[in-house]
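Enquirer: There's a structure below that I have some questions on.
The values are calculated or read from the model by the stated rules, or taken from the named source; none is laboratory data. The structure displayed is predicted, hence computed values, not measured ones. Here the Cβ positions follow ideal geometry from the backbone for every residue, glycine too, while neighbour counts run over all protein chains shown.
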Amino acid sequence: MQERYSVILKRKLTKIFAALLALVLVTGGGAVSAAPAASTPPDWIKHADGIKDDPEQQEKNEELEKWREEKKNVKVPILLYHHITNDTFTTEESISHISPDDFRLHMTAIKVHYNPISLRKYIEYVKCDDGSVTIPENPIVVTFDDGYSSNYEIAYPILKQLEIPATIFVVTDTVGEQSSGGRVHYSHFTWEQAREMESSGLIEIQSHTAGHIGMTTVDAGEQIRQLRKSKYEIEKNLGHKCDMIAYPYGDYDESVKQEARDSGYSVQLLVDDKTTENDYDVNLPSEGVENLTRMTIAGSMGNVNVIEIIRKTVNKKIIPQ
């Protein structure tokens, strides 16, 4: 009799234990409460169950993928100008000289056929990976080297009128120098004029070294001084970061490029003075911003000729590296 009572008691205890265990599993170990509200399963469960993202997220993912694919095919020409003058110049000098009338014609034609963007905008686009930065179709960038007064007196009003942004790479040791002083052949704009141009939002000033020297013709100590002094002068006088360097004469090597990185330059323009259309290249976002190339625009090129040269360069077949 006692043995039978023990068996019955054991069965009841087993049922009670099973009921309690089920209750714990349902409530998560807490007090008994109403059934938990439905919640969105984590991504790993959704994907494991074959459940797709919600339509809105799926659309965003598709747009980002489209943006990345389009970015692979973007080609951006960067133009290089120097001095603008009414004085007569030789064919040889035309590599760095252009008349005011021809410069206006160039800029007008570029505005008609292309969509000018700032170099800064292109850099932001290259570095972006989330689709938040876009640039228009047929983009083009305008730059100047040296920092001549003609950039302020002639180019700047034209650029303002046509709303074309530009980056000017200045030689900091000669900022404000006048041709009458004997140090330079052509006068250079002042820091005050540089600040005025930058205040328009169209112009950005960056480095062309301190003394406009061939970087591989001097020792490492002088190379560092050229890079860091110009960066310091620009940041001190203009109040913004100097992170772009354009090498005079296109003279650089891997050692110079590394010293530029160490000095705080994240953007490097490696242009040389080639002026035939067969030498020109465009820039691809996939190539980054440490090997930017420019097309040196000579004053002997008419506006129609310039547009054709740009088109041929953009349409050139790209040979994979």
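Enquirer: Can we say residue 247 is aromatic (Phe, Trp, Tyr), out of contact with any Leu (no Cβ under 8 Å at 6 or more places or on another chain) and either at positive phi or in contact (Cβ under 8 Å) with a residue 24 or more places away in the chain (or both)?
Expert: No; evaluated as a whole, the condition is false for this residue.
Enquirer: Residue 157 fails exactly one of the following numbered conditions: (1) without any contact (Cβ under 8 Å) to a residue 12 or more places away in the chain; (2) in contact with a Cys (Cβ under 9 Å, 6 or more places away or on another chain); (3) under 17 Å from residue 142 (Cα atoms). What is the number of that condition?
Expert: The single condition residue 157 does not satisfy is (2).
Enquirer: Would you mention how many residues in the stretch 98-134 are within 11 Å of the chain's Cα centre (by Cα) and aromatic (Phe, Trp, Tyr)?
Expert: Selection size over the stretch 98-134: 2.
Enquirer: Applying the selection to the stretch 253-271, what residues are over 19 Å from residue 234 (Cβ atoms), part of a loop (DSSP other than H, G, I, E, B) and out of contact with any Gly (no Cβ under 7 Å at 6 or more places or on another chain)?
Expert: Correct list: 253 only.
Enquirer: Condition (residue is surrounded by fewer than 17 Cβ atoms within 10 Å (Cβ to Cβ) and in a strand (DSSP E or B)) applied to the stretch 151-165: is it met by at least one residue?
Expert: No; the residues of the stretch 151-165 include none that is surrounded by fewer than 17 Cβ atoms within 10 Å (Cβ to Cβ) and in a strand (DSSP E or B).
Enquirer: Select from the stretch 288-306 the residues that are modelled with pLDDT of 90 or more and either farther than 16 Å from residue 98 by Cα or loosely packed, with under 14 Cβ neighbours inside 10 Å (or both) and list them in ascending order.
Expert: If the condition is that a residue be modelled with pLDDT of 90 or more and either farther than 16 Å from residue 98 by Cα or loosely packed, with under 14 Cβ neighbours inside 10 Å (or both), then 288, 289, 290, 291, 292, 293, 294 are the ones that fit.
Enquirer: If I filter the stretch 167-180 for residues that are in a loop (DSSP other than H, G, I, E, B) and under 21 Å from residue 270 (Cα atoms), do I get at least one hit?
Expert: So far as the stretch 167-180 goes, yes, one or more of its residues are in a loop (DSSP other than H, G, I, E, B) and under 21 Å from residue 270 (Cα atoms).
Enquirer: Where the second residue is surrounded by fewer than 14 Cβ atoms within 10 Å (Cβ to Cβ) and at pLDDT 95 or above and the first is in a loop (DSSP other than H, G, I, E, B) and lies in the stretch 213-234, which pairs have Cβ atoms under 6 Å and are six or more apart or on separate chains?
Expert: Final answer for the pair search is none.
Enquirer: Quick one: in the stretch 167-220, which of the residues that are surrounded by fewer than 15 Cβ atoms within 10 Å (Cβ to Cβ) and within 23 Å of the chain's Cα centre (by Cα) is nearest to residue 236 (Cα to Cα)?
Expert: Of everything passing the filter in the stretch 167-220, 195 is nearest to residue 236 (Cα to Cα).
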